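Each reported figure results from applying straightforward, stated rules to the coordinates on display, with no laboratory input. Treat the numbers as computed from the prediction; the structure is a model and nothing was measured. Heads up, the Cβs are rebuilt from the backbone with ideal geometry, glycines too, and the neighbour counts pull from every protein chain shown.
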Protein chains: 2
Amino acid sequence: MTLPALAVSRRTRRTPFSPRVEELGVAGYTVYNHMLLATSFRGVEEDYHHLKSHVQIWDVGCERQVELKGPDAARLAQLMTVRDLSNTQIGQGLYAPLVDVDGGMVNDPVIQKLEEDRFWLSVADSDVWLWARGLAYGLGLDVEVSEPDVWPLAIQGPKADALMAAAFGDAVSGIRFFGFQPVAFKGHDFIIARSGWSKQGGFEIYVDRADLALDLWDFLWDAGRPFNVGPGCPNLIERIEGGLLSYGNDMTSENNPLECGLDRYCHVHGSFESLGREAVARIHDEGVKRKVRGLRIDGGPLKPCVEPWVVHDGSNAIGQVTSAAWSPDFACNVAFVMLNHGFWMPGQSVRVETLDGERGGIVSELPFPRPESAQAYA
Amino acid sequence: MTLPALAVSRRTRRTPFSPRVEELGVAGYTVYNHMLLATSFRGVEEDYHHLKSHVQIWDVGCERQVELKGPDAARLAQLMTVRDLSNTQIGQGLYAPLVDVDGGMVNDPVIQKLEEDRFWLSVADSDVWLWARGLAYGLGLDVEVSEPDVWPLAIQGPKADALMAAAFGDAVSGIRFFGFQPVAFKGHDFIIARSGWSKQGGFEIYVDRADLALDLWDFLWDAGRPFNVGPGCPNLIERIEGGLLSYGNDMTSENNPLECGLDRYCHVHGSFESLGREAVARIHDEGVKRKVRGLRIDGGPLKPCVEPWVVHDGSNAIGQVTSAAWSPDFACNVAFVMLNHGFWMPGQSVRVETLDGERGGIVSELPFPRPESAQAYA
């Protein structure tokens, strides 16, 4: 399928890594946080196979940091999320849904606690800095909200540990999942976290020196040669298989975190001060009206899901598909679907209005079971 | 020049007009407020000639409305801007810079006063709804902030009045600049304003019925046939010639409205309650350190300005170019440049580090004088 063309301007910001991304043959871009993000290099399917077998370097500079700094930084961070941050340690990152007073999702960042009074929110695609600034001003909080010049670089894939060990020795192997620590490169300490937007394992390097960005990329690339390193980016197929929802695609401000399956990050009955906790607690107690699920869609590959596809039960609309892709490993189309109460049980049969006509589908738990067990639904 | 490809997903939202935009051969897109916006159809130059001679229909659905509604709506609108809104009438729109406490620009919408307690902010590319909600919550204001389903459709060009008269008769000819009024189509009242993001004149229709969107497009298209109607979109060349700055391109949160030449929209010494007024008043009294200007750049057409180009005086950096395009009517490259104090006088010679090497340039006032008088600087 031919993709439309993207006209780039200063507003759709480049990153310090853009020259390498282009030299390595980026085949598609999207715009994320007003910044360029690659969507494929050798094709989404070939990238997917490579990501699941080897190791990739990803320019995720678009994963902007919103910094909260000052005496009220911890209070503001807690106000913004329904996840209890009270026991967070310095050097720890937590995935945390940001929730508005009405329970609607504003974003779903990883919150990094850098110091007692300094946090980074690694945000998905919405202007969280404006939200944080509005709250800080309105509430008279003593906190500075900024978007520092930090461009994350991700190393993802089963050979990510091997690449990083070759590059940095033992310095990174001890980093636990979502933990982070400084690692020196060319005399500068870069924060490195064990994290990343795939289920293949890996790291994210918070690159806060544009002048060292290409040197770092080249250093990692050289270290990765024995491991068949390739260029990459968040992969549509792999993220659906792995159950990684995307803010703006699979959840929006119209959704609450409970219907997005983020229950374990919602401490609704805690005693901490959070904007959205009361609304989410009420939704929790009343029971959600819809839930996100996996969906295996019958038939061959489908045109991209560029706007939600209506899902029905033969007569009534019961939900919508928000992302879909052909999975070579599952040998079927995999999708995310938001389904009304009464239709979200795994095994449920539904009909989907795709761009290639109506198709049948079977509801699945998330993340999708491995292909072997998934056969049970076939 | 080959543009990179854009991978579209639900997150980069389509508009109700997208089918017509695609049928009419959109040649380039950008993403604006998380939504698709065309950047050219028959090529930026051919679109430009057509826009300046005839009339175009533009899908500017990405120009999202942020609605403020409730007893504190007027207070919140005024807090967000440094333009005095106290004498605004119902049915009036005002271009109004939104400014943060530190004087940095947050957006530059047209604020429409729909009712005493109901406003629409037609926003540029930043999540103003998050900013407004954060302020409203923090300050405990009694106001509802939403992003209603409204997708503006613009009719632009010297024959826009003729098209609209053919379509709606006398109903629209009396609308004054930036005024708006309801006009019926298929039994629904659409708000129509005399406005739009070109200097060729025209209207914007605030389409709040997705089910009527394509009917309305087709109705306008038919009415425009005698006037050589064409598909169009904000045009890079025309907007630079006309001095229309773009938020995210030519001004960001790093800029205050005074250095962006928006002095006449900054009532810095008023007595109204505004977040940014004090900071902007201080900047005004101290004098700005840099100013936006036009720049005529020597030589032939240049590669696009995808990130700021350094401007220097032969030895020191003195500013940056943020947008540039070849102007057929001026027979030179026209650009926006932010220049340090001492270098912003029209007629000043500078050097620019373009992607095609160093070029000379001559500073111009904005909007650019018509080509005849512009010769005075040559």
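Taking only alpha carbon atoms, region A:148-268 gives an Rg to Rh ratio of 1.02, where Rh is the Kirkwood radius. In angstrom, the C-alpha Rg and Dmax of region B:289-378 are 11.7, 33.
Ellipsoid semi-axes for the protein assembly as shown, based on the Cα gyration tensor and the rule √(5λ), read 40, 32, 28 Å when sorted largest first.
Taking 13 Å as the straight-line reach from the Cα of A:Lys52, the aspartates and glutamates in range (excluding those fewer than 8 positions away in the same chain) are A:Glu238, A:Glu241, A:Asp329.
Of the cross-linked pairs B:Lys199/B:Lys291; A:Lys69/B:Lys69; B:Lys159/B:Lys289, those separated by over 30 Å at the C-alpha level are A:Lys69/B:Lys69; B:Lys159/B:Lys289.
Can you tell me what share of the DSSP beta bridges in chain B is antiparallel? A percent to the nearest 5 is fine. Percentage antiparallel, nearest 5: 90. Exposed loop sites, defined as trypsin sites (Lys or Arg not before Pro) outside DSSP H, G, I, E and B with at most 13 other Cβ atoms within 10 Å, are absent from the longest region of chain B, namely B:1-175.
Seen from B:Leu51, the other residues with C-beta closer than 13 Å to its C-beta sum to a net charge of -1, counting Lys and Arg as +1 and Asp and Glu as -1.
Within 10 Å of the Cβ of each residue in B:132-144, the mean number of Cβ atoms contributed by other protein chains is 6.
Put the Cα centre of region A:95-139 next to the Cα centre of region B:288-330 and the gap is 36 Å.
Neighbours of A:Gly299, meaning other residues whose beta-carbon lies under 14 angstrom from its beta-carbon, give a summed charge of 0 when Lys and Arg score +1 and Asp and Glu score -1. Taking A:Asp84, A:Asp125, A:Asp170 as the candidate residues, the one with maximal mean-square fluctuation in a Gaussian network model of chain A, Cα springs under 10 Å, is A:Asp170. Over all projection directions, the Cα-based convex hull of region A:1-158 averages an area of 11.2 nm². What FRET efficiency would be calculated for the residue pair A:Asn316, B:Asp142, taking the C-beta separation as r and a Förster radius of 45 Å, to the nearest 0.05? The pair A:Asn316/B:Asp142 has a calculated efficiency of 0.75.
Once you sort the root eigenvalues of the Cα gyration tensor of region A:126-175 as a ≥ b ≥ c, which label holds: rounded (a/c under 1.5), prolate (a/b larger than b/c) or oblate (the other case)? Cα axes put region A:126-175 in the prolate bin.
Simple rule: put +1 on each Lys or Arg Cβ and -1 on each Asp or Glu Cβ in chain A, find the dipole, and look at A:Gly138, A:Pro257, A:Val128; the Cα lying farthest toward the positive end is A:Pro257.
Averaged over residues, the count of other Cβ atoms within 10 Å places the peptides B:24-37, B:335-348 in the sequence B:24-37, B:335-348, highest first. In terms of surrounding Cβ atoms within a 10 Å radius of their Cβ, B:Cys266, A:Cys332 rank from fewest to most as A:Cys332, B:Cys266. Using every pair of separate Cα atoms, the Kirkwood estimate puts the hydrodynamic radius of chain B at 21.6 angstrom. For region A:290-378, a simple Cβ point-charge model (Lys and Arg +1, Asp and Glu -1, everything else neutral) yields a dipole of about 200 debye relative to the Cα centre.
The Cα center of region B:145-221 and the Cα center of region B:1-46 differ in position by 21 Å.
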